1. Give the residues of the range 123-166 that are among the aromatic types (F, W, Y) and over 18 Å from L188 (Cα atoms), sorted by residue number.
2. Which numbered condition in (1) crowded, with 17+ Cβ neighbours inside 10 Å; (2) at pLDDT 95 or above is the only one that Q41 fails?
3. Within the set of pairs 6 or more residues apart or between chains, which connect a residue that is more than 21 Å from V177 (Cα to Cα) inside the range 49-75 to a residue that is more than 9 Å from the ligand (Cβ to nearest atom) and part of a strand (DSSP E or B) with Cβ atoms less than 7 Å apart?
4. For the range 181-199, check the following and say yes or no: at least one residue is open to solvent by less than 50 Å² (accessible area, probe 1.4 Å), aliphatic (A, V, I, L, M) and within 16 Å of the ligand (Cβ to nearest atom).
5. Among (1) assigned to a helix (DSSP H, G or I); (2) at pLDDT 95 or above, which single condition is T218 missing?
6. I need the full set of residues from the range 136-146 which are in contact (Cβ under 8 Å) with a residue 24 or more places away in the chain, of a type outside the set (V, I, T) and on the phi < 0 side of the Ramachandran plot, in order please.
7. Every residue in the range 134-160 that is open to solvent by 10 Å² or more (accessible area, probe 1.4 Å), over 21 Å from N100 (Cα atoms) and within 16 Å of the ligand (Cβ to nearest atom), please.
8. Being in contact with a Gly (Cβ under 6 Å, 6 or more places away or on another chain) and without any contact (Cβ under 8 Å) to a residue 60 or more places away in the chain is the requirement here; does E102 meet it?
Amino acid sequence: MSLRLVKDTSAAIGVLDLQGGVCEHLDHLERLGITGRRVKQEDDFNNLAGLIIPGGESTCLARLLNTFGLTEVIRQNYQRGMKIWGTCAGAILLAEKVINDEPCLGLIDIEIERNSFGSQLDSFTAEAIMPEVAAESVPLTFIRAPKILRAGKNVKILLKMDDYIAAAENENILVTVFHPELTGCLALHRYFAQKCGIKFTGSVSGSVDSRWQSHSWTRLARIV
Ligand code: GLN
């Protein structure tokens, strides 16, 4: 990838840092030259243009959100215009309807089914064309993923596969049931940044950062 970007540096994107794949998203934001920020408490939300809710375990994340009183904080920041992207467990938290479960944030009109492909052993990779997101095909990593079974009329489907929806969005929310942060592809992060109003200029050819390695994120890991 030859990625040379100059961007508006005034905006930051937060990654909810309670549980799950936090460093992997921070790594991708850094590769795009975007200011990324770990978000753990109310003050961390100040002036965020966007929030990424990472993959992990949605039951655990929902419990931590409620324990730390962050469910309401996220809703308030969403009301003031903060965009939100949920990957996998994050998408489950954002859904208005969760099959056989209570919704958590309920901010996008989708119906989602947890663990819909089976167990962890049924995890898989694939690739697909997402015309709105990238010119070339996007690698997809599904880990004990949910399926989006239905999207409301105000929700745009960005990727449909077999009998399920893998990516969708409304004006303020993006949901993907796969994990772009576990590949070298930066296209979804760039797409979300643009949704957050971050402007890229300069030349972008291709979306895959060839310097990315599966363990790249570990340099950002820290014990807290
Ligand atoms: N199966 C998990 C859940 O239901 C999601 C897995 C993931 O985020 N990769 O929360």
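1. Residues of the range 123-166 that are among the aromatic types (F, W, Y), as a first pass: 124, 142, 164.
Hits for the range 123-166 are F124, Y164.
2. Unmet for Q41, out of (1) crowded, with 17+ Cβ neighbours inside 10 Å; (2) at pLDDT 95 or above: (1).
3. Matching pairs, first to second residue: A49/A12; A49/I13; A49/K83.
4. Quick first cut of the range 181-199, residues open to solvent by less than 50 Å² (accessible area, probe 1.4 Å) only: 181, 183-193, 195-198.
Filter once more, so that each one left must be aliphatic (A, V, I, L, M): 186-188, 193, 198.
Now narrow it down to the ones that are within 16 Å of the ligand (Cβ to nearest atom): 188.
Checked the range 181-199: at least one residue is open to solvent by less than 50 Å² (accessible area, probe 1.4 Å), aliphatic (A, V, I, L, M) and within 16 Å of the ligand (Cβ to nearest atom).
5. (2)
6. Selection gives E136, P139, L140, F142, A145, P146.
7. P139, T141
8. Numbers: in contact with a Gly (Cβ under 6 Å, 6 or more places away or on another chain): no; without any contact (Cβ under 8 Å) to a residue 60 or more places away in the chain: yes.
The answer is no for E102.
The values are calculated or read from the model by the stated rules, or taken from the named source; none is laboratory data. From a predicted model like this one, the values you see are computed outputs, not experimental measurements. Positions of Cβ are generated from backbone atoms using ideal geometry, with glycine treated the same way; all protein chains shown enter the neighbour counts. For accessibility, only protein heavy atoms count, side chains too; no ligands or nucleic acids. Shrake-Rupley method; radii C 1.70, N 1.55, O 1.52, S 1.80 Å.
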